[in-house]
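Peer 1: Handing you this structure, nothing more for now.
Bear in mind these aren't lab numbers, they're just calculated from the coordinates by the rules spelled out. Predicted model, so just to flag it, every value in this text is computed and none were measured. Using ideal geometry, Cβ is built from the backbone for each residue, glycine included, and neighbour counts are taken over all protein chains shown.
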Amino acid sequence: MSDLTRLTAVELAALVAEGQTSAVEVTQAHLDRISAVDGQVNAFLHVDTEGALAAARTVDDRRAAGEPLGPLAGVPVAVKDVLTTKGIPTTVGSKILKGWRPPYDATIVQRLAEAGTVMLGKTNMDEFAMGSSTEYSAYGPTRNPWDTGRIPGGSGGGSAAALAAYEAPLSIGSDTGGSIRQPGAVTGTVGAKPTYGGTSRYGLVAFSSSLDTPGPCARTVLDAALLHQVIAGHDPRDSTSIPAPVPDVVAAAKLGATGDLTGVKLGVVTEFSGDGAEPGVLAAFRESVDALAKLGAEIVEVSCPHFTYALPAYYLIAPSECSSNLARFDGVRFGLRVGDDGNRSLEEVMSLTREAGFGPEVKRRIIIGTYALSSGYYDAYYGQAQKVRTLITRDFTAAFEQVDALISPTTPSVAFPLGARTTDPYQMYLADLYTIPANLYGGPGISVPCGLSEGLPVGLQVMAPTMADDRMYRVAAALESVVGTLTPPAL
Ligand code: GLN
């Protein structure tokens, strides 16, 4: 294996900027790595070999011409297949969009290109980002590079596995209930969900619009912060995008890396630090809490009593929004069309298309959401869930009056074996127990490796107030300065 694939984005960008290697060489090394290992990992749904090499050549030409390069110029990035890419297949892990080539780039994809990063391809995911293991992809599961008999988390398992397998140094995910942080935790990588509205949803195929948040994935906190800086910021094409400056997450990551947390007050969430998680996960978490205290942080316990209701509230709100958003997949406008033989009605074609195009989990969500929104049940289900959402937001507000950031394990368990939870949707939903509150509130959350349990990675989650994304990067980088990065056994 080429050494280039082992380097961080910071190191790669420096080598390219200094002319010690070219963007084309860096890109080719990663394309070769993908050819060598992706048959085992299945992180990619589409590899854009020619597009990537062309983008890399542009960076090399600009450097040769003496043009200024951005901090990530020439660094390869893998993009979750939930973001539209002009002329490049975008399936969202679903059969219903098989073969669809969008006519436009998502804002994030456009910003990645403007920054001189090199898009390698599109990564595997649970269909429409619904799932916690990437087993609900219509294109086969992604496997965890730590143990290919185990799941890489979900829904963005492809983006996380690509990092852990050294197929890409950077990737993009989307987090509706944990789909960036949970895969980060179980693959030993870093995943950050920015503040809702801090990153643009323009060109992000919608699952649950009030929760969906695209964000950065990387192997180090500083790399994630640099990627965050490139993709974040106001976008007039997204009505929920926040028109305010992006918090200086790069400076915060650098500050954290000094290992000094003096004056920082961290709250351990009572509800998420006791029973309910695997003993090995709790042990790694508690060791990390001690480490953070040694770095100078003041640790207090904070109760967020409504967090226990986050999961049921989420599983009403997210399916409700999805049942509305997915109505656009009607066999007329995008992708698949089944049974259009000239003799069938529009309704019959729509029904046959959806029957063939959507997988079981997506159908389950649409049915639950339609039910929860129906006139006789709206107040009892959707209305109640929205009230719980408000109570959870109040828990966060009260907590942040006492502490700068909240910490918890990212997930209750390490990566589970493939197939272990696909027969029981509730067990699958539990994987996001600790990540969902931040989505309901809208604040940022990051998962950073905090140790191993049974030889598998464990993640620690840091949650911060809305638009205080910098705080979580500082804490995560400080922990990383003690724990280091985790390297999986060779594939
Ligand atoms: N696992 C959660 C779900 O299935 C969250 C998914 C996500 O964040 N996209 O809905």
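Peer 1: Of K193/K363; K98/K254; K193/K294; K86/K254, which ones are farther than 31 Å apart at the Cα?
Peer 2: Too far apart for the 31 Å limit: K98/K254; K86/K254.
Peer 1: Quick check: residue separation of Q427 and V332 times 0.36 nm, minus the Cα distance between them. What number comes out in nm?
Peer 2: Net length gain for the segment: 30.7 nm.
Peer 1: Which cross-chain or sequence-distant (5 or more) residues have an amide H under 5 Å from the amide H of G459, H modelled 1.01 Å from N in plane?
Peer 2: T410, T411, C450
Peer 1: In which sequence would S323, S303, S137 go, from the one with the fewest C-beta neighbours within 10 Å to the one with the most? Provide the component values of the computation, followed by the final result.
Peer 2: On the way: S323 19, S303 13, S137 26.
Arranged by neighbour count, lowest to highest, S323, S303, S137 become S303, S323, S137.
Peer 1: Restricting to DSSP H runs of at least four residues, report the calculated mean residue ellipticity at 222 nm for the chain, -39500 (n - 2.57) per run over all residues, nearest 500 deg cm²/dmol.
Peer 2: Details: 16 runs with 191 residues, N = 491.
Mean residue ellipticity at 222 nm (helix-derived): -12000 deg cm²/dmol.
Peer 1: Still on this model: Just add up the charged neighbours of Y473: K/R +1, D/E -1, any other residue whose Cβ is under 14 Å from the Cβ of Y473.
Peer 2: On the way: positive: R181, K193, K254, R471, R474; negative: D223, D248, D404, D469, D470, E480.
My count for the surroundings of Y473 gives -1.
Peer 1: As I understand it, the dipole of the chain uses +1 on the Cβ of Lys and Arg and -1 on the Cβ of Asp and Glu, about the Cα centre. Which of L7, S159, Q402 lies farthest toward its positive end?
Peer 2: Working it through, the farthest residue towards the positive pole turns out to be S159.
Peer 1: Loop only by DSSP, 11 or fewer other Cβ within 10 Å of the Cβ. Give me the chymotrypsin sites (Phe, Trp or Tyr not before Pro) in region 123-226 that pass, ordered by residue number.
Peer 2: none
Peer 1: What percentage of all Cα-Cα pairs in region 31-190 are separated by more than 18 Å? If you can, show how the numbers build up before the last one.
Peer 2: On the way: 6910 of 12720 pairs.
Counting pairs separated by more than 18 Å, the tail of P(r) holds 54 percent.
Peer 1: Show the residues, 5+ positions off or on another chain, whose built amide H is closer than 5 Å to the amide H of V118.
Peer 2: Here G74, V75, V77 satisfy the definition.
Peer 1: Calculate how many DSSP beta bridges within the chain are antiparallel, expressed in % of all such bridges and rounded to the nearest 5.
Peer 2: Given both bridge residues lie in the chain, the antiparallel proportion sits at roughly 65 percent.
Peer 1: Given Cα pairs under 8 Å that are at least 6 residues apart, what percent is the relative contact order of the chain?
Peer 2: The value is 18 percent.
Peer 1: Just for the Cα atoms in the chain, what are the lengths along the principal axes, largest first, rounded to whole Å?
Peer 2: 68, 56, 44
Peer 1: Here's another thing I want to ask about it. List every residue whose amide H lies under 5 Å from the amide H of H46, counting only residues 5 or more places away in sequence or on a different chain, with H placed 1.01 Å from N in the peptide plane.
Peer 2: Here K122 satisfy the definition.
Peer 1: List residues of region 161-183, by number, whose backbone nitrogen lies under 15 Å from a label position 7 Å along Cα→C-beta of D32.
Peer 2: In region 161-183, the label zone of D32 (backbone N under 15 Å from the point 7 Å along Cα→Cβ) covers 167-168.
Peer 1: Can you give the relative contact order of region 74-196 as a percent, counting alpha carbon pairs under 8 Å and 6+ residues apart?
Peer 2: 24 percent
Peer 1: Once you have the Cα-Cα distance between S210 and D260, take 0.36 nm times their residue separation minus that, and quote the gain in nm to one decimal.
Peer 2: Net length gain for the segment: 14.4 nm.
Peer 1: Give me the number: length gained by fully extending R62 to E301, i.e. 0.36 nm times residue separation minus the C-alpha to C-alpha distance, one decimal in nm. Kindly include the intermediate steps, with their values, before the conclusion.
Peer 2: Numbers: separation 239, 0.36 × 239 = 86.04 nm, distance 5.21 nm.
Full extension of this stretch gives 80.8 nm more.
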